[in-house]
Amino acid sequence: MGRLFAVEIVYRGIFQKNLAKNISRAIVLAAHKEGKPGISFGRYGDSPERNGIPAKSFAIVATDDVTLEEGMAKYEPQEVDVTISVDDTLCKGVESWAWYGLQPINRLLKPGGTLIVTSLEGPERIIEMAHRKEHPYKLAIVKGTPSFSGLWVYKDDHTDARIMGAIAKVLPELFSIGSVQEAIREEDKKNGELKATSALRAFERTTTVTVAPAQGNNETPYAFKLPKWTEMREGIAIPAIARGHQMTDPETGAQGGFQPERNATFKKYLTRTMRPVVNFDTCIKCTLCWLACPDSCFDVTPDGFYDANMAACCGCGVCEAICPVEKCITMVNETAFTDNASQWEAWRKEKPAYESWLVATIANRPERSHGFRYRGQYEEQVPDVLKVAQQG
Amino acid sequence: MAEALVPPTKRDPAADKTSLITGSEAIAVACKLADVDVITAYPIRPYDTVMQYVAKLVSNGEMDCEYIVAEGEHSQFEIVKHASAVGARVFCGSSGVGWMYAMEALTVTPALRIPMVAMVGNRALDDPGAFGVEHNDALAVRDLGWQLVWVDNAQEALDTALIAYRVAEDRRVFLPCAISCDGAFLTHSQALVKIPSQAKVDAFLPRYNRGDLQLHPDNPISVAPQANEDWLMEIRRQTASGMERSPGVIRETYADFEKIFGRSYGNPFFEQYMTDDADVVLVGMGTLSTPVKVAIRQMRAEGKKVGFVRVRWFRPFAAKDLAETLGRFKAVGVIDRDFSLGSPYEGGILATEVRAALYPSANRPPLVGFIAGLGGREVTLPDVKKMSEMILRAAEGKPQPATTWIGLRE
C-alpha cells in the first residue's frame, strides 16, 4: 500500500463554503500534477450550511488508486495530515453537528501533523484557544482575517492560493510549490500568475512552531452519549426545555429576574465569531436587546439588567445595532475571550475591575470578524489583504 | 322473518340493524360509530362518496366532529396528522392521484406514530384520467410504515374500519392504516350491511390515548425536529418495531371482534375459499373475489380443483403464514390489479411479494402472475377460467409465462 494524505478544511457555513471547496479542489489538482490521484468533498447538511455554523471540507490524496480507495471507504477521515482553519475563532473547537459535542480543532491531527490557521493573532493566542493534545503537533499561521473569498459577489483575496503555498511548505511530500503554482495558473487563466505569486510568498514565509502536549486549553470538551433506539421516545418526540427560573445576585443574594432554561446539549459557544460586551453603567434598561435577540440569549438579572448568556448567543450583533446608547453594547471578536463567564456577575462583584476590562476589551475591538459594520466594508478590505499576500 | 330495513343512522343505540348501503357509506357509518373527532375532506372520485355521507351525518346532527374541507389532499392529510398529534381520533381518505398529491404528508405520518385511519377508494393513477379501480395508489405507500388492508364487501368495510382504529391506536403499534375499497365495485355498490349497536362498538373500541406523545400544554414536547444520520436509523428502527408488533395486535383484535360482534373472519390476514382440497389456487385482493369465487364453483362442477386465497392485510404482510398455506398446492396464480413496471419478471406487486414470501419455503410451487382488471376493467368469469387453466397446466409441469396480461385486446 502507498501513502495516503488527508487534509481537512474547517470553515464557517455559507460565508466560507466556496473558499473551503476551492482549497480542497486546489489540493487535489496540485497533487494530480505529480501523478497522485485524489478526491475533494464536503459534508453537507442543513445546520452546517447555516450562517456561521462550523463545517468541513476534505481532500484525500494518495500515491496510487488502490490506496486512495482505502481513504475513500470512510465518509470522513479518522486522522489528517493537515487541518486548515480559515477562521481563527474556530480554534476554540468545532461543533458542526449538535450531538457530536465539541471537537477540538486539532482532534484529527496525526502526531506531528500541522494546523494551519488564517489569523492576525500570534501563535501564543491560537495555542491558548486550541485544546491540549496528547502528542505534539505543529502550528502555522497565514496572516489574515477570516476570508469571504469565493462567496457570491465577494472579491478574490488569494486566501486559497496562500493556504496552498503553506501546505507545500509544511507537507512537501504531498506536492511541491511548483505543482501548486502550475495548477493555479491552469485554473485561473486571468489572474493565475498573480495568485501563483501569492502562493509562493506564503510558501516562503510560512514557519511552524511545535505545540507540546502541555500547551493549550485544559478543559475537557463537552460530550455525551447517543441513546439506543430502545431508549428514545417514539414518534420523534423530544421533551421540551423547561421554562426557566429566577437569578441570584452574586453580591446580595437577592432573587429575581428570569433566566430561561436552555438546551443542555447544544451550546452556541462555537457558532459565534464575536460577542456583545455590555457596559452596565450606561445601560438604560430599555429592553430592546432582550426583545430583539433572535436566540433569547439575554438573561434578566434581579436588578433589571440584560446579561448576554454565552451558551445561547450566536454572535449576530443585532443587540449592538439596536442599542440606543452609544457604546453600551459593543461586538468584540471571540479571540479576545478565554471563557464564557457572565459579564453581569463580574460587574456585580468588582465594578472598577470590570470597567478597566471593558475599556481594554473594546479598545482592541477588531474591525470585523464575520459581522460587518457597514455595507461594502469587505470590498474595502480586499486590497489590503492582497497587499499582504503579495508582499508580506 | 326478514329484518326491517332502516336508514343506517336512525337507530336504537342498543340494537343491531340492517341497512342497504354502499361500501363508502359503510365506512362513514364506522366513523360515526367510532366517534371520530376530526375529519378532513377533499373531493376526488370515488373516495368523495365517503365525504358526502359524512357531511350528511354531520349536517343532520347525527355525528359530532370537526369536518374540514381542505384546499387539497396534501393539506387534508396534514390537518388530520396534527389533529391526531393533539389526541383527536381522525379520519381521512382519497383516491388515485389525490392520494399521490398527499404523498409528502403520507410519508411523514408513520414516523410520527400517528394512528390515522384513511380510506383509499382505489382508482387508476392519471394519465389517462380513468375513474376505475387499480391498486397502485394505495400500494405506493407500501414501504413507508402504513398498514394496508383490502376489503371486498361493504360489511367487511365497516367491520375493518372499526378494527383499523383499534389496531392503529394500540400503543404497541401507533401506525396509520389505510383501508382499500375498490372504486365503483365497492364504493358505489349498495349491499345489506349489519350495523352494530353503539354499545358493542364502545365495548370493542377504547378511547384513543396518545400518552406521552400527545402534544398538550401539560406535556410539553417538540415533535419532528430536524435530525441527521446520528438519529435516523434509530427512528426508522422504532417505526419498524411498531410494524413488527402489528400482526399480534391484529390477531388479538379480530379475536375480540368475534367475541363482541359475533362475526368471524377466520385468519385475519387472508381469506381461503375452497382451498381444503384444491390442487391449485388463485391469489388476489379486493372485489375481484366475486367473479373468482363464482368461476371456481363452475369449474368445480367440471372437476377442476381450484381454490382462492384473498389477501386482506398487505402490510403487515403475513409472509410465513401465506407461504405455509400456498406451499400445499401444486401451482399458484397471483392476480394483480396493479402494475410494477420493470419489476422482477415484469410482474405485479402482489405476485412479487408472494414470490418473495415463498422463497425460504421448502415447498415452492410454480407461481404464475397475471395483470388483470386495470382501470376498473371487469375481470370476467372466462378470464378467471383462463387463468385457472394456465395454473392447472403449470401444476402438470407445463411451464407458463411468468406474467400474462388478462382481458387485453390483442
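The values are calculated or read from the model by the stated rules, or taken from the named source; none is laboratory data. Being a predicted model, the structure only gives us computed values, none of them experimental. Glycine also receives a Cβ, built like all others from the backbone with ideal geometry; neighbour counts cover every protein chain displayed.
The residues of segment B:218-238 that are in a helix (DSSP H, G or I) and within 8 Å of chain A (Cβ to nearest Cβ), listed by number, are B:Asp230, B:Trp231, B:Met233, B:Glu234, B:Ile235, B:Arg237, B:Gln238.
Entry remark, segment B:14-58: residues being basic (Lys, Arg) and without any contact (Cβ under 8 Å) to a residue 60 or more places away in the chain number 2 in total.
Tell me which residues, restricted to segment A:217-235, are free of Cβ contacts under 8 Å to residues at least 60 places away in the same chain and of a type outside the set (Lys, Arg). Hits for segment A:217-235 are A:Thr220, A:Pro227, A:Trp229, A:Thr230, A:Glu231, A:Met232, A:Glu234, A:Gly235. On the stretch given as segment B:16-31, residues that are among the small types (Gly, Ala, Ser) and surrounded by fewer than 24 Cβ atoms within 10 Å (Cβ to Cβ) total 1.
List, please: which pairs have Cβ atoms under 6 Å, are six or more places apart or on different chains, and start with a residue in segment B:119-137 that is without any contact (Cβ under 8 Å) to a residue 40 or more places away in the chain and end with one that is buried (at least 24 other Cβ atoms within 10 Å of the Cβ)? Final answer for the pair search is B:Leu125/B:Gly96. Among the candidates A:Arg201, A:Arg233, the residue that is basic (Lys, Arg), surrounded by fewer than 20 Cβ atoms within 10 Å (Cβ to Cβ) and more than 14 Å from every other protein chain (Cβ to nearest Cβ) is uniquely A:Arg201. Please tell me if A:Leu358 is outside the structural domain of A:Gly150 (by TED's automatic domain parsing), outside any loop (DSSP other than H, G, I, E, B) and surrounded by 14 or more Cβ atoms within 10 Å (Cβ to Cβ). In short, yes. Segment B:121-197 holds strands (runs of 3 or more DSSP E) entirely within its bounds, and those carrying 3 or more residues that are surrounded by fewer than 24 Cβ atoms within 10 Å (Cβ to Cβ) and touching a Ser or Thr at 6+ places or on another chain (Cβ under 8 Å) map to B:190-195. Inclusion of B:Val201 among residues that are surrounded by 15 or more Cβ atoms within 10 Å (Cβ to Cβ), modelled with pLDDT of 95 or more and away from chain A (no Cβ under 14 Å) is warranted. When segment B:255-270 is examined, which residues are found to be assigned to a helix (DSSP H, G or I) and either within 14 Å of chain A (Cβ to nearest Cβ) or touching a Phe, Trp or Tyr at 6+ places or on another chain (Cβ under 6 Å) (or both)? Hit for segment B:255-270 is B:Ile260, nothing else.
When restricted to residues that are part of a helix (DSSP H, G or I) and either at positive phi or under 25 Å from the mean Cα position of the chain (by Cα) (or both), segment A:174-209 contains 7. Only residues that are in contact (Cβ under 8 Å) with a residue 60 or more places away in the chain and over 19 Å from B:Ile27 (Cβ atoms) were counted in segment B:83-108, giving 4. When the residues of segment A:236-247 are filtered to those that are without any contact (Cβ under 8 Å) to a residue 40 or more places away in the chain and more than 7 Å from chain B (Cβ to nearest Cβ), the one that is surrounded by the most Cβ atoms within 10 Å (Cβ to Cβ) is A:Gly244. Filter segment A:206-221 down to the residues that are surrounded by 17 or more Cβ atoms within 10 Å (Cβ to Cβ) and of a type outside the set (A, V, I, L, M, F, W, C), then identify the one that is farthest from A:Gln181 (Cα to Cα). For segment A:206-221, the residue satisfying everything is A:Asn217. Filtering B:Pro291, B:Pro247 for residues that are part of a helix (DSSP H, G or I), away from chain A (no Cβ under 14 Å) and under 30 Å from A:Pro227 (Cα atoms) leaves a single hit, B:Pro247.
For segment A:248-263, a residue qualifies if it is surrounded by fewer than 16 Cβ atoms within 10 Å (Cβ to Cβ) and either assigned to a strand (DSSP E or B) or not aliphatic (A, V, I, L, M) (or both), and the qualifying residues are A:Pro250, A:Glu251, A:Thr252, A:Gly253, A:Gln255, A:Gly256, A:Phe258, A:Glu261, A:Asn263. What are the residues in segment B:146-160 that are among the aliphatic types (A, V, I, L, M) and either under 9 Å from the mean Cα position of the chain (by Cα) or on the phi > 0 side of the Ramachandran plot (or both), if any? Residues satisfying the conditions are B:Leu148, B:Val149, B:Val151, B:Ala157.
Only one of the listed residues (B:Arg409, B:Arg393, B:Arg355) is touching a helix residue (DSSP H, G or I) at 6+ places or on another chain (Cβ under 8 Å) and of a type in the set (Lys, Arg). That residue is B:Arg355. Residues in segment B:45-79 that are outside any helix (DSSP H, G or I) and buried (at least 21 other Cβ atoms within 10 Å of the Cβ): B:Pro46, B:Tyr47, B:Met63. Against the definition (over 19 Å from the mean Cα position of the chain (by Cα) and assigned by TED's automatic domain parsing to the domain that holds B:Pro176), how does B:Gln238 come out, yes or no? Considered against the rule, which asks whether it is over 19 Å from the mean Cα position of the chain (by Cα) and assigned by TED's automatic domain parsing to the domain that holds B:Pro176, B:Gln238 comes out as yes. Considered as a group, the residues in segment B:96-120 that are within 14 Å of chain A (Cβ to nearest Cβ) and surrounded by fewer than 21 Cβ atoms within 10 Å (Cβ to Cβ) include one that is nearest to B:Leu205 (Cα to Cα), and that residue is B:Ala111. Here A:Glu8 does not qualify as out of contact with any Phe, Trp or Tyr (no Cβ under 9 Å at 6 or more places or on another chain) and not in a loop (DSSP other than H, G, I, E, B). For segment B:361-399, taking the residues that are assigned to a loop (DSSP other than H, G, I, E, B) and in contact with a strand residue (DSSP E or B) (Cβ under 8 Å, 6 or more places away or on another chain), the one that is surrounded by the most Cβ atoms within 10 Å (Cβ to Cβ) is identified as B:Gly373.
Among the residues of segment B:214-258, those that are out of contact with any Asp or Glu (no Cβ under 7 Å at 6 or more places or on another chain), at pLDDT below 95 and farther than 20 Å from B:Ala83 by Cβ comprise B:Pro225, B:Ala227, B:Asn228, B:Glu229, B:Asp230, B:Trp231, B:Leu232. Going by the conditions given, is A:Phe258 modelled with pLDDT of 95 or more and closer than 19 Å to A:Thr330 by Cβ? Considered against the rule, which asks whether it is modelled with pLDDT of 95 or more and closer than 19 Å to A:Thr330 by Cβ, A:Phe258 comes out as no. Residue count for segment B:171-180 satisfying the condition of being touching an Asp or Glu at 6+ places or on another chain (Cβ under 9 Å) and more than 11 Å from chain A (Cβ to nearest Cβ): 1.
Conditions (1) within 10 Å of chain A (Cβ to nearest Cβ); (2) touching a Pro at 6+ places or on another chain (Cβ under 8 Å); (3) touching a residue at least 24 places away in the same chain (Cβ under 8 Å), marked per residue:
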position	(1), (2), (3)
B:Ser189	no, no, yes
B:His216	no, no, yes
B:Ser241	yes, no, no
B:Arg251	no, yes, no
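Evaluating A:Lys267 against the criteria (1) part of a loop (DSSP other than H, G, I, E, B); (2) surrounded by fewer than 16 Cβ atoms within 10 Å (Cβ to Cβ) leaves one unmet condition, (2).
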